[in-house]
Amino acid sequence: MSDSEFSDEKILRSWHKNAAPWIRAIDGATIASRKLVTDAAIVAAVTGLKPASALDIGCGEGWLARELAALNIEVLGVDAVPELVAAAQRRAGTRESYRQLSYAALAAGALQRHFDTLVCNFSLLGRESVEALVGAAGNLLRPGGHLLIQTLHPYEACGNADYTDGWRAGSWAGFGDDFSDPAPWYFRTLGNWVDLLVQSGLEVVYLREPLHPQTGRPASLILCGRLRK
């Protein structure tokens, strides 16, 4: 993959292309780690904060927003991919709503609302777009509000490559033949994630490492940052 293929724009193009198979994969619960560990982990992280409102950033087809809405949390889900937003809107209940918005638009202040919690569930894959979005979290949070990020665990995701920040080639291995043109992603060390929160004016509340019940290895990393009151 050439240097030109490592970009935030390439990530978005891949998700436009793979929206339909992604919806089928989520509906069919075909991603084992999500079914066994990470879905429940992010729901527990959100509910543990007891928010009245939440913004699901990179909501995809809306599964997390629906789960939170069923727990009496008022949820807005946003995503840049129209097919994913349309799928979420078709299933929306009374306590959740959805909008098509890019991360750049969010960071620029397109959404003039404030929330108790922002949640990014495996949705922060890029470089510049992620840094701008996290940097703008304070403009979307109420005082004392929280940003929750669930992402690949850096120690597990690094593989045999050097443990340094940088672009990595993507893969749909284990996702089925319907997927194509995998998106690249920007690898961040644990220190980079922590620095990103702190430099964005957030206090690091905790880091959690949900374990896969079959392997005993970290299935993900969850970071919680709080906007000072």
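The values are calculated or read from the model by the stated rules, or taken from the named source; none is laboratory data. Everything numeric in this text was worked out from a predicted model, so none of it was measured. Ideal geometry is used to build each Cβ from the backbone, glycine not excepted, and the neighbour counts take in all protein chains shown. Note: accessible area is taken over every heavy atom of the protein model, side chains too, but ligands, DNA and RNA are not part of it. Shrake-Rupley method; radii C 1.70, N 1.55, O 1.52, S 1.80 Å.
Overview of results
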item	result
Lys/Arg +1, Asp/Glu -1 at C-beta; the chain dipole; positive extreme among F187, A86, G166	A86
1.4 Å probe accessible area per residue over segment 98-229, in Å²	48
Cα-centre dipole for the chain with unit charges at Cβ (Lys and Arg positive, Asp and Glu negative), debye to 20	740
Packing-based ranking, highest mean first, of 174-186, 115-127 given that Cβ atoms within 10 Å are counted	115-127, 174-186
Alpha-carbon centroids, segment 45-122 and segment 1-42: separation in whole Å	17
Spatially proximal lysines relative to K50 (Cα-Cα < 26 Å; intrachain offsets below 8 disregarded)	K35, K229
Net lengthening on full extension, A157/K35 (0.36 nm per residue, minus Cα-Cα)	42.0 nm
Portion, in percent, of the accessible area of segment 1-120 that falls on carbon or sulfur, probe 1.4 Å	52
Within the accessible area of segment 135-229 (1.4 Å probe), percent carbon and sulfur	47
Residue-normalised accessible area of segment 1-62, given per residue in Å² at a 1.4 Å probe	44
Inter-site label distance for V194 and E74 at 7 Å from Cα along Cβ, in nm	3.6
Lys, Arg +1 and Asp, Glu -1 on Cβ, resulting dipole of segment 1-105 about Cα centre, debye, nearest 20	320
Value at 222 nm in deg cm²/dmol, rounded to 500, when DSSP H runs of n ≥ 4 in the chain each add -39,500 (n - 2.57)	-8500 deg cm²/dmol
Cα-centred dipole magnitude for segment 37-94, charges only on beta-carbon of K, R (+1) and D, E (-1), debye, nearest 20	160
